[in-house]
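Please read the structure below before turning to the comments.
Throughout, read-outs are computed from the coordinates displayed, never taken from laboratory work. Remember, it's a predicted structure, so these values are computed and weren't measured experimentally. Glycine gets a Cβ as well: all are built from the backbone with ideal geometry, and neighbour counts include every protein chain shown.
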Amino acid sequence: MPMKKYLAHAIDFSKVETLIYHLPDGPSFSVEMNGMGDLIDIEMEIGDICDTSDIDGVVHFFPRGNA
């Protein structure tokens, strides 16, 4: 049974300007948040999250298999 990684703290999406989703096999794509924080529940995804929103407004998500 796969295990999920849960964040020690919730992401404050009011600080997030860009979500960068790193796909398996190397490519990535970014999503400008512009108030979409209520629509995205990345904390329920399986993978690793690097929250640098306090520094540069970016959250990186590495899905399972690429984390």
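Some points to look at:
- Packing here is the average count of other Cβ atoms within 10 Å per residue, and on that basis the peptides 15-23, 50-58, 27-35, highest first, run 15-23, 50-58, 27-35.
- For region 15-27, putting each phi into the Karplus relation 6.51 cos²θ - 1.76 cosθ + 1.60 with θ = phi - 60° gives couplings of 8, 7, 9, 9, 10, 10, 9, 8, 6, x, 6, x, x Hz, in residue order, rounded to whole numbers and with x for Gly and Pro.
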